[in-house]
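Worksheet: one structure, shown below.
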Amino acid sequence: MAALARLLQALHCNVVRFTAGAPIIRCLPPGGTQTRSFPPPSADCRWTSSTMATSLLGKRFYSTEAKGDEELHVRYLEGEDQGILVLGLNRPHSKNAISKSLLKTMLKTLDSLKSDKKVRTVILRSEVPGIFCAGADLKERAKMHPSEVGPFVGKARAVMNDLADLPMPTIAVLDGIALGGGLEMALACDIIVAASSAKMGLVETKLAIIPGAGGTQRLPRAIGVALAKELIFSARVLDGEEAKAVGLVSHVVEQNDAGDAAYRKAVSLAREFIPQGPVAIRMAKLAINQGIEVDLATGLAIEEACYGQVIPTKDRIEGLLAFKEKRPPRYKGE
């Protein structure tokens, strides 16, 4: 119910009563006067204002290519790939290990992406050949006072949560090694694509600690409780094929000479997302992420609330018109 409450607050809705165990939800568009209930009380209950969608989703805007920090490159793709943003980890001297400075940069970047409507898919990759992320920067960690470790891990957890909470689809690209916090970063993405030669695992128990940036929670949700326990207890490292077999990654590809086979596959997947309605994709992600954490009745109410957000959009009308005119739709995220 906590997940439902958070979602309803964001959508300016509330539960007015329960019927047969299912919540009845009423939403009020900010600045509007007409509510919509879920399930609808009658077939005549329709939105008369699009102010909720405008308030929630914001206005579409364009900008020049973002300038990333030296440790994190931010690149907006162009042409047929417009709408795809690539985040590139770039700490070659430390195998992209997670440091205080990298966390600070990622927090700032992810915060800006939350409201960036021109970005329809985010790809997280490495700019360092053969490495995705080797986990925490142990050299930096060794210099920390014990009192600093907890806050550092807390900030790492916050970064993974912000990554997981991005409204648009996210794809992690594993063209190399992803250990500890590196794999936790990938697990925070919607989809993981890996090269068959990639190596990945939550290996923290080798250091007499546990995964602290979401690994103990996201790995079981991805592959099941028993297998997640086995992998964490043993600190086992899997290759791409093994990871695909247990459901840890969605796609596995043979590595190419350039060492970017997984990245190329990720771009191919992102191209499949770009033509679809961006508002619909964001609402679908929200419904899935929130609904999977609750019982079915509450999950269906969340789905209904999210569906309500696409009804007043211009994109929905454009989709119907394009179908009628037998042409590709031109969605604007409005």
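Some points to look at:
- Whole-Hz couplings from phi, Karplus 6.51/-1.76/1.60, listed for the stretch 255-263; x for Gly and Pro: 5, 9, 5, 7, x, 10, 4, 5, 4
- Of all accessible heavy-atom area on the stretch 243-334, the percent that carbon and sulfur account for (1.4 Å): 57 percent
- Spatially proximal lysines relative to Lys139 (Cα-Cα < 27 Å; intrachain offsets below 8 disregarded): Lys95, Lys100, Lys104, Lys108, Lys155, Lys199, Lys206
- Under-5 Å amide H pairs with Ala198, H placed in peptide plane, nonlocal only: Gly240
- Split the accessible area of the stretch 66-130 by element, probe 1.4 Å, and carbon with sulfur accounts for 48%.
- Note on Arg271: accessible area is roughly 100 Å² with a 1.4 Å probe, heavy atoms of protein only.
- Using the 1.4 Å probe convention, the accessible area of the stretch 211-334 works out to 54 Å² per residue with neighbouring protein chains retained.
- For a straight C-alpha distance cut-off of 12 angstrom, the aspartates and glutamates reachable from Lys314 (same-chain residues fewer than eight places away being disregarded) are Glu334.
- Residues in the stretch 165-181 carry Karplus couplings, in order, of 8, 4, x, 9, x, 10, 10, 8, 10, 10, 9, x, 6, 9, 10, x, x Hz; the curve used is 6.51 cos²θ - 1.76 cosθ + 1.60 with θ = phi - 60°, and Gly or Pro positions show x.
The values are calculated or read from the model by the stated rules, or taken from the named source; none is laboratory data. Remember, it's a predicted structure, so these values are computed and weren't measured experimentally. Remember, those area values only see protein heavy atoms, side chains included, never the ligands or the DNA or RNA. Shrake-Rupley method; radii C 1.70, N 1.55, O 1.52, S 1.80 Å.
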